[in-house]
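Bear in mind that the values in this text are calculations on the coordinates, not laboratory data. Just so it is clear, the model here is predicted, and its values are computed rather than measured. Counting neighbours? That spans all protein chains shown, and the Cβs are built from the backbone with ideal geometry, glycine included.
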Amino acid sequence: RERLKGDELCTFLRDSFEKLHPGAKARLEPESTSTPESIDKGNKGVELDPAETKLACLSTKTYVLSLLRFAVKGVWKDFCASRPPDVYKFVPETLRGVPLLLTHAQQVTTFCSTTKFSTWRDVLPDKRSLFLSRDTYCAIMESVDTAAQGIEKSVDTEIPGVRPFTLNDIIPYREEVENAINHDVGFMDPQNEPLRVFWSLVAEAFAEEHQIIGYDVFTAAQNKAWERREIKEARARGERVEDLDEPITAPIGDRSWCRQIRDWHVLPICSKSGKGENGEDVVPLEAAGMCVAVTLIDQDPKVVRSLTAILQEVGIDTVQHDIMSDNRISRLLRTIVVTTNDDMLSLLIEHSNVDNLSGVQKHDLLAYFAVLAVKGEKSEVKLDHVGLLPLFKTAALQSTFITLNKSTKYCCVDPSDPHANALSKLVPPGMVMLA
């Protein structure tokens, strides 16, 4: 008696399915190279639950996978028998139009009816039908017996109508991405897995494209060069530096990765107005220049907590710490968020309401900048810039916090000193006593 072959099974299933479900015929050329603009989001082909296929042999997931393994093993055997000695790429074209593809939504469809994606299955939880199921992928790969006679190298198996998911592929699905994000919980919360997967996709896509080496060093040097050039050009035009449309210290670097998604609400931050337990929220990526990545400015947990609370209180958003702990994502975000003391100070001077701080918080902020100046770190902050913030407490009975400019004359006294009152009477006119 004759034995059923893999290609014969494929032919039977293809013909039977097309008769039962007109329109299930495979495309001659699936849109495997489509641009985002050309993708038809409404075209899914014929996709059915196994029980709705009208074929008993496809009525369960187990049946579908078993038939798929049988078909691929047969096609692989035929390939090995006729393969030229130097060919190690296996493309089972016989699967085209065969209803043995299980989507990530666990529905049955035909190979090549529409393009399916083999990676990043969880980035669009409401669009699972776009992706090939893991079980289908594994069934095909495991059916390719690389121990067959004559196979001496690794085999590149390419599934027809299936390809890896890329950053370009997600562009038409902005609404789905943003709707899947929970604004009120943190980046690492289980409810925000789609957000984490999205950022992993962005980071890995950029890294693969650019093969980044020494990226941090390159970006820092480039940012500084751009900053100096912008200052020089502004002064040459007779403009005041603070009147520039964008802060002169805004990171420039290589920001090509964010051009397509710059207005997407995908940046997890904490703010005073955030509805989450710790002020969690999500803002457009283009707002990153007004957000501070505190953990990249200082790594001391106590300092991070204090600075984060202070910045949020004065109305400056902070990037959620967890997203910056992933180096793949961090090296991208640091090109667009605030990551230096100088930039943070500029935000405090130009875009904050320091009067919202308590006396203790004002003292802590002043002490933070003072320590930087004493240490003489690379991120040293000029004291005259700090003086533009109302952080200096007067020693008067009705003490207030004032700013200090270059013309301000002042002396410092200990308010608890019993001679402080007498000293105040000896202070020359125009001099300010600071506590």
Sorted largest first, extent of region 275-334 alpha carbons per principal axis (Å)
28, 27, 20
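How many Å³ per residue does the convex hull of the Cα positions in region 96-161 occupy?
Looking at region 96-161, the number lands at 88 Å³ per residue.
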Between Ala287 and Ser399, what is 0.36 nm times their sequence separation minus the Cα-Cα distance? Round to one decimal in nm.
36.6 nm
Where the centroid of each part is defined by its Cα atoms, how far is region 55-72 from region 132-197 in Å?
22
Checking a compactness column here: for region 290-393, what do you get for Rg(Cα) / (2.2 N^0.38 Å), N being the number of residues?
1.03
Starting from the Kirkwood radius over alpha-carbon pairs of region 299-340, derive D by Stokes-Einstein at 10 °C in a medium of 1.306 mPa s and give it in µm² s⁻¹.
143
Placing each pseudo-label 7 Å from Cα in the direction of the beta carbon, Gln260 and Met188 end up separated by a distance in nanometres of 3.0
Theoretical gain in end-to-end length, Ala105 to Arg235 [0.36 nm per residue, Cα-Cα removed]:
40.9 nm
Honestly region 62-212 on the Cα gyration tensor test (a ≥ b ≥ c root eigenvalues; a/c under 1.5 rounded, otherwise a/b vs b/c for prolate or oblate) is just prolate
³J(HN,Hα) computed for each position of region 110-119 - Karplus, 6.51 cos²θ - 1.76 cosθ + 1.60, integer Hz, glycine/proline x
9, 5, 6, 5, 9, 5, 10, 10, 9, 9
Amide H partners (placed H, <5 Å) of Phe392, local residues excluded:
Ile402
